[in-house]
Each structure stands twice: as C-alpha cells, then as structure tokens.
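The values are calculated or read from the model by the stated rules, or taken from the named source; none is laboratory data. Bear in mind that the values here come from a model prediction, so they are computed numbers and not experimental data. So basically every Cβ, Gly included, is an ideal-geometry build from the backbone, and we count neighbours across all protein chains shown.
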Amino acid sequence: MEQLQVIKASAGSGKTFNLAKNFIELLLWSKDPETGRTQLRPCGSNYHEHMLAITFTNKATNEMKQRIVAELYKLSKGEGQYLDDYIKTHGDSKEEIQNHAKSALKGILHGYTHFNVSTIDSFFQSVVRNFAHELDCDFNYDVQLDEKYATSQALRVFLHDLGRTPGAPIEKWVKKYVETLAHDEGKWNIYNFDSKSRNSLLNFAEFINKEQFKAHNDEIRTYLSKMSHLTAFQKAVATQHKACDDYCKNFAQQLHDFLGQAGIDVVYIKSAPVKKLLDAAPLGSNTINTLRNYDDTALEKKVLYKGKVAPETISACSEKFAALLADYLANYDMSLLLDSLLKNIWRLGLLGAISTKLQEMNRDNESIMISDTNELVAKALKGGVPFVYERMGTWLYNFMIDEFQDTSTKQYENFIPLLEDSLSKGNGNLIIGDEKQSIYRFRDSNPDILQNQLRKEFGEYYNDSTKLNTNYRSLENIVEFNNAFFKKLLGSFADYEKLQATYSNLKQDTSPAAQASELKGYVRVNCIYGPKEMPSHGDEAAPKATEQVLELLPQYLLDLKRDYGFEFKDMLILVNRNNEGKDIVQKLLSHNATCDKDDCIDIVSGESLLLSNSPSVRLIVSVLRFIDSTQYHSDEDDSNDAAHAKTPQELLREKRLSEQFRYKMLHEFGRRLRECGDETADCGKLLAQCFDQNNALRNETAQKQIKAYNEEIKTLMADDGKEMTTLTGLVDKIIKEYIAGSGNSGDTDTAFLLAFQNFVLNFAAQRSCGGTVHEFLKYWDDKKDKAAVPSGNSGNAVNIMTIHASKGLEAPCVIIPFASWPMADLDDITWLDRETWKKINSACPHAQEAAAIQKEGGEIVPPLIPLSTGRMKMVGAFNSYYKTLYEEDLIDKVNKTYVAFTRASQQLHLFVLKPKRNTGDRSIDDLAKSIMPKIDRIVTHYWPERHPDDTDCDKIVDYWELGCPEQCRHKPQDDDSTQCTCDMPSYAVNSALSRLEVKLPESATAMQQAGNSMHSLMSMIKRKGDEKRALRYAQRRHLLGTNPDATWNLERARSIITGMLNNPRTRDWFDPKNKVYNERTIVVNTGNGQPPVLKRPDHIVVRPDGTTIVVDYKFGASHTPAQVRAHKRQVQQYARLLAQAGHNKVEGYLWYADSNTVVPVTPTGNGRQ
C-alpha cells in the first residue's frame, strides 16, 4: 500500500470490499522500506493491535468487523475472494497465506478488545478518558450523546432564571427575540415547551453545538464579559449605517446636481425609477431590481426620451451616471445589511448566555457534550503523539478511515498529527470516501478536506490514482440514467467551479455481471400536475401535488408487486423530510383500513414503530406522571407560568385525574378477571361491576381522588428500610402491576415494552444517580417523537426512510414520491468570524466611519457576527462570500440527489412536478423531463388520452420509461441463509425484592442501604451550596426516607451535612477555590501481568497552596478499634498513592458521620502506582 492511499469510491463501487481487503493485506504483510518488497508478518505478531480502522456509525463498525473476520476465516481455509489477488500481488503460496491468516484470526478472536475498528467518536473518547485529569474532566464523566436534549435542558434553566436581574443585557436580548417571534409568527410563548416558539428558540440555540461556535466559545465569553465592547461595536455599526442612510436620503439632490451640470432637463426623464429617485420617493423592491439592471447604456436606452438630449452629452455622461447609480445601490444595500445586523446582534449575547448555562449544567452533572470531544482531543495532542500512545497503552502504526467526506474540520485537524507520525515512520495508511456522497454538512462535515486539503497537507505521501468507478449495485439502465441526469445537471450549473470539480469523476461503468444479466433495469419518471401548473378551467379544481402523489401511491405499490414481481420488502420509499414520511405512512394506513386483506400494504418506518404509539407505553407514562404530580411534585413544572403556579391538586384535576380513573378501571378489571380464573367469565358483567364500584369516585373532590389513587400506587413506592426506589425499578413494578399481571396488553406490545425499558435504562445510565421521574418525563416529552422500536429485519414490509438515513443502503426497487426539493436553501442568518467581517467590510461604503470608533484597551468587533444571508447577497463586497455559501449548499443538494438516485439496484421510480415556467434545467423536474427523451436507448413517452380542461386531475399527466417493462420483472436473489421467526410472548416482570434473596438481617440491610445512599448524596457535594441541590435530589429520588426511626433519614442528613459545611475544621474542604474530586478512581499497577487494582477515595481536595486532602466517609453506627485501625490503613494507602502521583503535601482524614467526628490520619510508608 502507498503511504497515504486515497481511494475515491463512487456509489455501489465496492468501498467496503476494498477497505476490508486493504485491512487484511496490512494485517498479513509488511513492506521493506528499502527494497519495496512485501513479506508475510511472523505468525503470532498480533499486528491488529497496531491498526485502527475508523467508520462513522456503529452499524458500519459491526459490519466491517464481521467482514474482516469472515474473510480471514475463508483465507484460513484456503478460500475467499481476496486469495487470488493476494497470491498475484505478493507471490506467496496459498498454504503460506492460509497459515498466516489462521494465526491472525486466532489473534483477533483471542484479543478482540484490541481489534481496533471503531467510530471516530469512540476512538476520540478513549483518548479523552486517558487524559481526564489533564483536561480537568471528572474520571467518571458522562458523555451527553443527545446534544439537542442537553441544550433544551440548559434552555429551561436559562428561561427559569430570567427576570432575576431586571435591566440586565440578557433581558433586552430576550425581549428582542420575542419581538422577532411576534413579527415572524404573529404569536409567541417561549415558556410553553410544547409551542412552536419554543421549538424555534431551541433550533436557534442548537448553534452553540456547531464547530464554528465552539471554536470561538472562549472568545465570546470573554467578549461578553465586558458589555462596553458590544456597545461600542453597535455604535460603530450604527454610525456606518447612518452614513449609508444619509447618502441615500441626499441622493436626490446629488442626482439633480449631476443632471444640471450635464445640461439634462428632468422633463426629458422617462424612467419611472429614476423619477422616484429625483423625487426622493420611497422605492419598492421592484423599482430597486429595475435599477440594478441599468448599465452604461441605460441613460440612452432606458432613462431619457429618444432625441431629446444631444448624443455627445449622453455619451459623456453615461459612464458617470452608471457609476453614480452603482454608488447609490451600494449604499442602499449596505444600509439594509447593517440595519439587519443591528437588529440581530442580540443573537450573539443570547447564544453566549445559553452556552454558559449549558457548561454550568455539564459541570454540575460531571458530563461533557459529544461535540466537545474534538476540542478536548486537540488539547491532549498538544503533548505529542508518542505521549498520547503511552497514556493509552497502545501504539498505532496504520490508519484506515472510511467515509472521509463526512469528516469535520476539527476531526481532521486531530487526525493530522496521528497521520504525520505514522507516515514519518514509513507506515501505510488508507483513506476512502466520495465527495459526491457528502450530505452531512449540517453536522459540520467538510468534503473540501477530501477534495483538496489532504493533497495540500500530505503532498509527498499522497496518492489518489485508485478510483472505483464501476457500479456493482445497479443494473445498466439505472447507471446510464444517473450518468445522463447528473451530466445534464452539471451543464445547468457550469459557472460553479467547485461543483464541477466535485463531479469531475462522475461517469460510472456497469459491472460485468450487470452487463451479462438479462435484466437491464428500469427507470420511470412520473410527471404530475403541481401548484405551478393547473388545468385551464381554474386553479381550485386541481388538487395539490402532494395529495395527488398520496392518492396514487397505494395502487402504484400494488402494481409494482403484481406487474414486476417485487415483494414489499424489496421496496424502499425515500423522502426528503420526516413530515413527508408521516404523510405516506398515514395514507398507507388509511388504505389498509378500507381495502381487501390481499391488498394490505405492510410498512416499516420510524412513525409506525414509535414507542408513543403503544397503549402499554402510554399507560406506563401516565402512571409515572401521576406519581410525579403527587409523590415528587416540585415547583419546577415547566407547563406553568412562574407567576401563576398551580397546586398539585389543580394540576391533577386538569391533566391527570381523568386518565388515572381510566387506568384504575383497567387495573381493577384485570384484578377481577384474574380472581375469577375462568376463561368463560362474563367480561361485560365484570366491567360493569368495576364501573359501579368506581363511578362514584369520579364525582368526589380532587383531594379524595388523589387519596384513592395513592392507595392504588402504594405498592409501587419505596418501603423505607427495605428497598430504594429507582426509576428503572419503578417502571419494572408498573409493568408487573398494571400490564403483565392485569391482562391489559397483548403479545404484540412486548417489543414496545422491551424497547421502552431499554430507553429508560439508557436514560438512567447517562445520569450519575439514575435520574428522577420528573427528569425522565421531561426527557420523554422531548424524545417521544423519535424513540422507536429498532426495526431490524422488517419482514415483508415496505421500508420508508429519509434520504440521509438511507446512505450506505440499497434496495431492488426505490420509489421517490416527492423528488422536487429545491437545489439551494440557505439559512436566514449567516455567521461571519471577526477577521472575515473586518476584511470584507473594509471595502464597503463608509467603513472608515465605523473604524474610527475603536474601544481603547480591547477589540470591539465580536468573535462572530450575525448577518442576513439575503441582504449579504446584494452587497457587492459580500457577493463573493455569498456565492461560496450558495455553492456549498448547492453541492449539498446535488449530493443528496445523487445519494437518493443511486440506492436502487433494479428499478427507480420518481414523481416530479410539471411546472408552468421553465427554470432553465435548474430543478429536478425540468432536468428529468429534458434528459429522458435524449437517452439513446429504449425510451417510451406516454401521453394519456385526456383534454386540458378535464376536471379529473388525479392521474399522472405523462411519464417516461427507460427500459422495457416486460424485461424488468424482478428475480429474487438466491439467499442461502435461513431465517427463523418466532412470536414474542408477554412475560412476567418481578420486582428486585422478589428475585433476590439476601442473607443479611434486615437491620444490616437497612444500614448498608442508608450508607450507600449517604455516599451517593455526598458524591454530589463539591462546594458549599451544592448541599441544597443534593438534598432536594435525594428527596425526589427517595435516596433517604422521612422515617424518624430509620438509621439515616432526610432530616438527619441535612443536619449533619450543614454542620460539616459550617464546622471550622471541615468547611475548608468545600471552599470554592479548591479543586475537588469526588469518587475519583486511582489505578494501582500490581505488576507481574496481573490486572490493576482500583482504589476509590470518597473526597479529594487540592488547595490553591498545593496541599492535598483525602477524606473517607464512614456512616456506621459504631466501630470497633480493629475497624478504626483498618480505616486508617485505608486512608494511609490513599495518601501514599496520591503522593506517588505527584501531590507533594498530602493530609488524610476519616469522618465518622454518625458521631460527626473527624479523625486525622498520618500518611506513612511508600507504595507503587
């Protein structure tokens, strides 16, 4: 392999095949740097430990591992599709390759944890974990994978704190945002977290997780700490804006002076726009656009009446008139741009404040955002690559990176030193990608890295001579259609150089197998009436385009099954947006409700598998809401305005009582049915008895209803001294009590219950103490629209998914019902960095007036500046920057089209609009119409027999076919694998107490439970002030009960902790100036190849003077002298280990909480870490 081999792999060209082949080749062979010859590595070398293959999804990681292991196994048997190539390339015998493959396979299977195939985030996380101390991260930090949820929680806290500092800048920024919402949407309510306004604010706030914002985060925080800088910048912008505005206001006089000096009477002016300029009248957008089209000949051809002014006068004045008009337009456009900047500058302050709240929340929860990983890795790599490898305990020689077009700029910057280290030692590396399939720019991916930056950075090692252009996925007609379509598309955008370069390697060849196949593939483009073209009898008679497609779709799918032999599982419907998928699902479900059984269309989509669609899951959530409102209610309920907080009873009366009555009825009915124990029981009679018994309750007061329902859920709650209620345990009990034991759910809900329990478990795992019911319900409300049962093998059902989700997949038959997305769609606001703004603005009108206002002792220009994208387009100095943004967005849309059109292996079906106006072949609709008749193969153009004024518009207007339908009947591929299906029966769920038998006496169990609870409580306290949050958390989670007879209860814990924080001897441990590590693990190397021993002190304090204090908490009632000596030895060991880790002065203490006694421990002896 070349030292840095870059493979450009088009869609369906065998990318995974080549990646696995190259991985195995590097695993088995080494290359002599002097002779260039290859030789098999020694058996047992375990070289896989020094290789790293990077993918971008967990699914791709698993597929790659399986492919490598499977191919190694085949090679170990003297078989496999790589064997002949290896023999030809390296000259080794079949037996030699077989033996070395067997040895390599054994090494991987025996050391699978060192089989380094992972996602880029997993690899970078392993680096951060090893540098947690240096990066000031808690060793046991949580990784917040769901950034949108974390941002929404920070937003809640941010909104909750508003109003505490009236007149502060943040209050003004929020007011500006509310004014923007009121202007754009006509209404607003940012405190209702189910409102459109809240979603708008959340979408706006998500920018803080982008690399562009994170790169300037520290600068923004520093900048906003001195509001005088922002005030000075606003003043500078306002000054420049006023200068531009004044120029436009005074332009009428300037124009009068120009005409007078030229000897041109205003009565000779025929141009209405110029007359408006002379009259200083307001100009509309149409007038401005007309003026933009005036060139050097405009004075003669468009402005003056013919023959009224001497030709020599016109000739002498034309250029100056055009320049004068250009100056006016430049000032006009700049004035609008600066006006939008003054109206939007508050966005930076609002984002900075929300970002600060998010950082505070992460610090309190000892978590980091997944997007923070790249910044942390960059800091770790500053110490050098060898140091990183030493800390990780592994040395990587070869890197293989898949889907490189999806790499972000920061990820690439982190890879540069790793690749440089590998290349400097003569090691081979492989990068595979395709710029044409880069569709994740909204996640910060940067295809320019693969396209240009790699070559510039690694020029002497770079080799991209290998290009994979043969399509092994699609049949001949599909390949030919895509070649023609995108060639035509490129011709329509010939003035965009970067787009042309991206698709310079466009043309694909058909595979030999496809050429030899009797099937040639089939493409059909269906053209329908859309909103841009209606029949002549009137617009109101024609249905919308989407409605037409939805009406056609069920029968269209049935025809594909009947006419071409496709099963539903062979069909893949691709949509551009999730809402389109929802519409299709609803239409197919409606079809299934009214059609014959044989015509039912089974579907699989995220919508059909949502957990919130399960009655059992809705029941569980309802019970949790009731418990939250009655048992754990707090004043933080987000559904209420803070100024009009409602009592728990009012909340229940409005939200919970009616549904709780319904579930109480179900519970009662299930209990009676079980007691009856007879399959022939009269269910109607039993249900009537339940209504008779409970109906009176409906008319009782809310307080009595609450009391009755609390009795209902009593078995779900904690029994003080015996069991601690956890969120997962509570859900477990609800399933047992309300579902598994009551007969309220059939077998079909089992998959949803399992997925919901996994959802709860994942939520709890991301929180240090498992999370509360209240927190979970917030999380559920945010995620319920996406939480779904994993689809796995969908059986014989049509699959519906977005184009972005389909990347890397294929299907025999692909249908794209709404193939009419725009080819460019820029955001309203563009963020410019400081240097870009200063450079471009310096060439704009009156920039010198703004530059004259400079804050002494500081930079007044913000690190990021929000500009209106539409206004920026019109300003000449910014036009080049705008064109770059437009071209990047255009490339993204073209790439999305490319990904969608290349998923099909046998048939591709498109539905496009038939627009009224030709867009110059710059839309998918026009491109498809113009391309199909020009392909030099079998093409049928079909026109139905109809008249333009027919009212029956629910049919396809016309369509084009590429390929003979009669020769395109689907032939299923042979599948040697055997699939077994089985039903998932409902299962019994038992609580933890019924599953476990503990031999300790009840008092000892209660003591241990209380000790664990107190340790959990103390782990949340790092500095004074944390105790309130910790105690509130303990109360909501029932970590400690209120039983006065219990060994430890909430009041006693509050008293002890308060005394500790105020005790002159211990309060210094919780000083905010200290650096505190709670429950931090110390790894002790035991030597002799034995696994390390983990030590975990309760509380470590590092004072500013360098003194380190280690504290161990003891919560037992009494301790024997032998136990005290053992406790001291434990603290002494902690102190020795800390001293060996570089802490110069270490003090040790034992804190016996029961007696509130602090015992100093003198560190002694030495140890080895």
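Of the set (1) exposed (fewer than 15 other Cβ atoms within 10 Å of the Cβ); (2) at pLDDT below 90, all apply to E835 but (2).
Of the helices (runs of 4 or more DSSP H) that lie entirely inside segment 137-207, those containing 3 or more residues that are small (G, A, S) and at pLDDT 70 or above span 147-160.
In segment 33-66, of all residues being surrounded by fewer than 20 Cβ atoms within 10 Å (Cβ to Cβ) and small (G, A, S), the one that is modelled with the lowest pLDDT corresponds to G36. Looking across N477, N463, N469, N526, one residue alone is at pLDDT 90 or above, surrounded by 15 or more Cβ atoms within 10 Å (Cβ to Cβ) and among the polar types (S, T, N, Q). It is N477. Is it the case, given these coordinates, that D444 is surrounded by 19 or more Cβ atoms within 10 Å (Cβ to Cβ), charged (D, E, K, R) and within 17 Å of V899 (Cα to Cα)? No.
Suppose we filter A272, A243, A238 for residues that are hydrophobic (A, V, I, L, M, F, W, C) and loosely packed, with under 15 Cβ neighbours inside 10 Å; which single one remains? Quick ask: steps written out before the conclusion?
Details: A243 fails: loosely packed, with under 15 Cβ neighbours inside 10 Å; A238 fails: loosely packed, with under 15 Cβ neighbours inside 10 Å.
Checking each option against the conditions leaves just A272.
I'd like to know if segment 1113-1121 contains one or more residues that are part of a strand (DSSP E or B), under 46 Å from the mean Cα position of the chain (by Cα), surrounded by fewer than 15 Cβ atoms within 10 Å (Cβ to Cβ) and modelled with pLDDT of 85 or more. Checked against the condition, which is being part of a strand (DSSP E or B), under 46 Å from the mean Cα position of the chain (by Cα), surrounded by fewer than 15 Cβ atoms within 10 Å (Cβ to Cβ) and modelled with pLDDT of 85 or more, segment 1113-1121 yields no hits at all.
Assess whether K379 counts as being part of a helix (DSSP H, G or I) and either among the polar types (S, T, N, Q) or not assigned by TED's automatic domain parsing to the domain that holds L230 (or both). Yes; evaluated as a whole, the condition is true for this residue.
Step by step: first the residues of segment 20-32, then only those that are surrounded by 11 or more Cβ atoms within 10 Å (Cβ to Cβ) and of a type outside the set (A, V, I, L, M), then the one that is farthest from Q3 (Cα to Cα). Which residue is that? Out of the qualifying residues, it is K21.
One line per residue, one yes/no per condition, for (1) part of a loop (DSSP other than H, G, I, E, B); (2) touching a strand residue (DSSP E or B) at 6+ places or on another chain (Cβ under 7 Å); (3) in the same structural domain as F1070 (by TED's automatic domain parsing):
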{"site": "V1101", "(1), (2), (3)": "no, yes, yes"}
{"site": "D1105", "(1), (2), (3)": "yes, no, yes"}
{"site": "T1108", "(1), (2), (3)": "no, yes, yes"}
{"site": "Q1123", "(1), (2), (3)": "no, no, yes"}
{"site": "A1126", "(1), (2), (3)": "no, no, yes"}
{"site": "Q1132", "(1), (2), (3)": "no, yes, yes"}
{"site": "A1139", "(1), (2), (3)": "no, yes, yes"}
{"site": "G1142", "(1), (2), (3)": "yes, no, yes"}
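Among the candidates T802, T869, the residue that is of a type in the set (V, I, T), farther than 22 Å from L588 by Cβ and within 29 Å of the chain's Cα centre (by Cα) is uniquely T869.
When the residues of segment 378-411 are filtered to those that are surrounded by fewer than 21 Cβ atoms within 10 Å (Cβ to Cβ) and aromatic (F, W, Y), the one that is farthest from T16 (Cα to Cα) is F387.
Among the numbered conditions (1) out of contact with any Leu (no Cβ under 8 Å at 6 or more places or on another chain); (2) hydrophobic (A, V, I, L, M, F, W, C); (3) in a helix (DSSP H, G or I); (4) touching a residue at least 12 places away in the same chain (Cβ under 8 Å), the only one that I87 does not meet is (4).
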